[in-house]
Amino acid sequence: MVNNKKIIIGNWKMNLNMQESSLYLHQLSKMVKTHRDVEVVIAPTTLTLQSLSLQVNLRQFKLASQNFYWRDQGSYTGEVSATQLRGIVQYGLVGHSERRHIFGETDKDILSKVAAAIRNHIRPILCIGETAWERSNGETYDIIHDQLIGGLANITSDELSQVVIAYEPVWAVGTGQNAVPTYVSAAVSAIRSQIEQLYGKVASQSIQVLYGGSVTADSAADYLNLPGVDGLLIGGASLNAYSFNEIIKKAHKDGSIMAEKD
Ligand code: PEP
């Protein structure tokens with residue numbers, strides 16, 4: 001791994017209204033220490049992004065959108081584009097399993113969203129992972145292969161440096177079911193080998209690969225200590241300030257608390 005900064009993302013999903021989000025961000029900002037080796041990213045509901053972008057200290061937290069539409073503008077009632085989010089968020093989740101499986105997003109949609117994020121200077125976090133059925137049919141590596149090829153087709157090597165991959169087995173997201181670390185480790189290796197085949201060895205070592213799926217403060221270290229895992233995507237546990245802060249503390253290794261004036 002070339003880039004040794006861990007990324008911890010809190011996906012608040014469809015929770016917290018404007019006032020609650022603002023209060024929660026305030027609460028987190030009092031608890032979470034800023035470390036040079038950890039990037040903490042908050043993904044609140046789209047409604048609150050604009051106002052939280054004015055409240056957030058970007059040295060402490062970055063913002064991510066949970067979703068966006070891939071066209072930049074036009075007659076797409078109800079949608080928000082990456083162009084509209086440009087300057088408000090630094091990251092964007094793409095292809096989260098809830099988008100794929102509840103809202104029927106296809107690899108083609110996801111590919112277009114990865115490209116839209118990049119052209120709007122938003123780092124896409126491409127979420128991939130197999131369902132329980134695919135896992136029991138021995139298809140985990142095929143799914144990883146297909147979703148990586150599907151999500152990254154047309155992305156150049158230069159653009160790839162903006163992309164983060166989140167491995168999230170669907171059966172572990174929001175279910176309380178833990179993927180055993182050896183299973184995660186093998187999947188992350190498969191992701192890096194696939195990236196190596198597509199973009200070469202340097203890219204495969206430098207791309208940031210996260211794990212997500214029912215991670216808690218108790219299990220976070222098991223995944224963070226795995227070679228090749230560069231951080232975590234946290235859903236449920238990110239809605240509890242104490243748990244989320246404990247996870248962030250586990251990601252921090254080198255004692256480099258940023259000086260206030262940095
Ligand atoms: C997620 O929302 O991506 C996620 C991993 O959720 P949870 O931690 O609740 O499984």
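Taken together, the values in this text are just the output of simple stated rules run on the coordinates, not laboratory data. All values reported here derive from a predicted model rather than from experimental measurement. Here the Cβ is made from the backbone with ideal geometry for all residues, glycine too, and neighbour counts use every protein chain on show.
A few remarks follow.
- Computed on the Cα trace of segment 111-156, the radius of gyration divided by the Kirkwood hydrodynamic radius gives Rg/Rh = 1.09.
- Applied to segment 70-82, the Karplus parametrisation 6.51 cos²θ - 1.76 cosθ + 1.60 on θ = phi - 60° returns per-residue 3J(HN,Hα) values of 7, 7, 7, 6, x, 8, 10, 3, x, 9, 10, 9, 5 Hz, with x for Gly and Pro.
- Cβ-Cβ FRET estimate between residue 55 and residue 161, R0 fixed at 22 Å, reported to 0.05: 0.15
- Restricted to Cα atoms, segment 1-135 shows a radius of gyration and a Dmax of 15.3, 43 angstrom.
- When Rg and the Kirkwood radius Rh are both evaluated on Cα atoms of the chain, their ratio Rg/Rh stands at 0.94.
- Segment 129-198: GluC sites (Glu not before Pro) falling in loop per DSSP and having at most 16 other Cβ within 10 Å: 139
- Taking the convex hull of Cα positions in segment 1-46, its mean projected area over all directions (nm²): 3.9 nm²
- Tail beyond 19 Å, pair distance distribution of segment 120-258 (Cα, percent): 51 percent
- Applying 1/(1 + (r/R0)^6) with R0 = 35 Å to the Cβ-Cβ distance of residue 31 and residue 75 gives a FRET efficiency near 0.20.
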